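So the structure is just underneath, and the comments pick up after that.
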Amino acid sequence: MKYLRYSVGLLLCGQLAMAQTATDYAQTIQAADLEKHLRVLAADDMQGRETGTEGQRKAADYIAKQFAAENLQPIVKTEDGKTGYFQPFKLYQKTWGDFYVKAGDKTYTYPKDFIVNGLFAVMQETSVETVFVGYGIFSDQYNDYAKLNVQGKAVVMLEGEPKKANGNYVLTNSTKPSDWSSDESLRKKALIAKDKGAEQVFIVSAESPEAYRRLVAQRTALMGRFNRMGLRPSMEKIGAVGTFLITQDMGVDLLNTTPAKWQAAVAKINKTGKPNSGVLKGKIALKAERKDEILESSNVLGFLEGTDKKDEVVVISAHYDHIGVNPDGQVNNGANDDGSGTVSVLEIAQAFAKAKAEGHGPRRSMLFLTVSGEEKGLLGSEYYTDMSPVLPLANTVCDLNIDMVGRVDDLHEGKSDNYIYVIGSDKLSSELHQISEDANRKYTMMELDYKYNEPSDPQRIYYRSDHYNFAKHKIPIVFYFNGLHADYHRPGDDVEKIDFKLAEKSARLVFYTAWEIVNRENRLVVDSNKP
């Protein structure tokens, strides 16, 4: 009995010592250090870290230098037989060559004068007749195409829907707009024009150059958000019809008319509440040259070898790319998306590297994986998991992925700044879910919000970051996320808006969860298959 009590006492002492050790190293993850790294990665000179650009390469170099400074091993085999931190991959994309619209003696160029959506090409300069189609609406109630043939022509239309002088919308006869005023109506109008044989669609969405610059910022963020969130079909699905968003001044020139005649045509629609299509016509010359471009990008990998269970690997991941520079020159710095996750990986790597240097290294190996191409469709992580896993997926225990931490989202604003969305922890492993809950209960005491873990949630966040490329291979994951906000995919996503104490606590939660996983006796069981 004395021996039993002695053994239990030793076990409890050992557990307490391990907990204290974990706390010691977790405390090296500091808000000030997160900010120091983020001020580098989210600076203007990184130019938004868009995949395949010089800014992305500069960010990769910085990450690799941090891995080297912490003595993480480079494990990617290079062409000369050595090893490095970079895992290069190539992407192919369509780009624009000569792209312009000529109207009279004026030449409008992309993206300075117009935005375009639609997979189309006009490789040689081509003349096209233009015709005004009012608001481009086609319905039983209101038809801008009545008795109008637009086959083979370019149509010029207004965004939105007609509105009477008394403030009521024509289609609803109230102050409430119809669906023809929604953002989705742009795609709907373009599809209608395509079905009626139009060659191109020009939608007047701004009255002045200043308004156009605001439009560029809004539409760039909007289309990027739709594409990534998967909430609505992208206008890229339209097909061979180019859809141009233009200024009123450009619309006037495309129809070879005058501002006064333009205003009269529009005023008649709003005054009478009836279509006034076909009253303005013109001719333009158009060239939209498509080119294939090869982009070179890379993931950045840092490896920390384990001790007695070193063949098993725990991955800590984040994406370091963002969406680059808007056509109007504004830089999308991506401090939150996902500079915050990237610097969290750097700090967690530093904590584990320090533990190893002081004789408390992890039993399992660890891969600190920062990927690019996430904003293009999770491409960097897909390259790692599907095409070139540097470490066998069969030996990969789990992936803890961090994307957008350190900013309170709209749903928690004014309510809580001590929360984290936990997504996917229970999808493949009940043990992983329990470890996550226990780590939080024992160390960080955050509100674990499972809203986005619900299969019915329309935002489908579970499928929208790099962890998913591990999950689809039945590798357990946890995705840490603080939610969406007004600056998502906009130039306002800057360092000054990051709550580094929230980012610090989130990173520490990831650290504590990883500490338990890498040091426990048994590998995580894969026993769940939830939607």
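The values are calculated or read from the model by the stated rules, or taken from the named source; none is laboratory data. The structure displayed is predicted, hence computed values, not measured ones. Using ideal geometry, Cβ is built from the backbone for each residue, glycine included, and neighbour counts are taken over all protein chains shown. Areas reflect the complete protein model, heavy atoms only, side chains present, ligands, DNA and RNA absent. Shrake-Rupley method; radii C 1.70, N 1.55, O 1.52, S 1.80 Å.
The table below gives the values:
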quantity	calculated
Net lengthening on full extension, Glu79/Asn270 (0.36 nm per residue, minus Cα-Cα)	62.1 nm
Semi-axis lengths, Å, region 308-409, gyration tensor of Cα atoms, sqrt of 5 times eigenvalues	29, 18, 9
Interchain or long-range residues, amide H under 5 Å from His322's placed H	Glu50, Thr51
Estimated translational D of region 146-215 in µm²/s (Stokes, Kirkwood radius over Cα pairs; 4 °C; 1.567 mPa s)	95
In Å², nearest 10: area of Ser185 left accessible to a 1.4 Å probe	0
Sites Asp311 and Asn166, calculated FRET efficiency, Cβ-Cβ separation with R0 45 Å, nearest 0.05	0.05
Extension reserve of the Asn143-Arg441 stretch, reckoned as 0.36 nm per residue once the Cα distance is removed	101.1 nm
Reach of Lys283 by Cα under 16 Å, taken over aspartates and glutamates that are not fewer than 8 positions away in the same chain	Asp105, Glu125, Glu129, Glu199, Asp249, Asp253
Aspartates and glutamates whose Cα lies under 14 Å from that of Lys196, excluding same-chain neighbours fewer than 8 positions away	Asp144
Cleavage-rule hits (trypsin sites (Lys or Arg not before Pro)) in region 359-399: DSSP loop, at most 16 neighbouring Cβ within 10 angstrom	Arg363
Where Thr396, Thr28, Thr107 fall by accessible area, highest first, once all protein chains stay in place (1.4 Å)	Thr107, Thr28, Thr396
Lys442 accessible area, assembled protein chains, probe 1.4 Å, Å²	130
Hits among lysines - C-alpha to C-alpha of Lys291 under 24 Å, sequence gap 8 or more where chains match	Lys90, Lys94, Lys102, Lys112, Lys194, Lys237, Lys376
Separation of alpha-carbon centers, region 438-485 and region 387-416, rounded to whole Å	7
The chain: equivalent-ellipsoid semi-axes (sqrt of 5 x gyration tensor eigenvalues, Cα, Å)	53, 24, 19
Lys356 accessible area, 1.4 Å probe, all protein chains in place, Å² to nearest 10	80
Low-density loop positions, GluC sites (Glu not before Pro), region 346-411 - DSSP coil, at most 15 other Cβ in 10 Å	Glu358
Extended-chain gain in nm, criterion 0.36 nm per residue less alpha-carbon gap, Gln30 and Ser182	50.3 nm
Pairs from Lys65/Lys442; Lys442/Lys472; Lys153/Lys188 whose Cα-Cα separation, in the structure shown, is over 26 Å	Lys65/Lys442; Lys442/Lys472
FRET efficiency, 1/(1 + (r/R0)^6) with R0 56 Å, evaluated for Val390 and Ser127 via beta carbons	0.55
Counting DSSP beta bridges with both ends in the chain, the antiparallel % (nearest 5)	55
Which listed pairs, of Lys189/Lys268; Lys147/Lys176; Lys354/Lys474; Lys354/Lys505, have C-alpha distances above 25 Å, in listed order	Lys147/Lys176; Lys354/Lys474
Cα gyration tensor shape of region 487-531, rounded if a/c is under 1.5, else prolate or oblate by comparing a/b with b/c	oblate
Prolate/oblate/rounded call for region 285-341, Cα gyration tensor, a/c under 1.5 rounded	oblate
Gyration tensor (alpha-carbon) shape descriptor, region 409-461, a/c threshold 1.5	oblate
Accessible area expressed per residue, the chain, with surrounding protein chains retained (probe 1.4 Å, Å²)	43
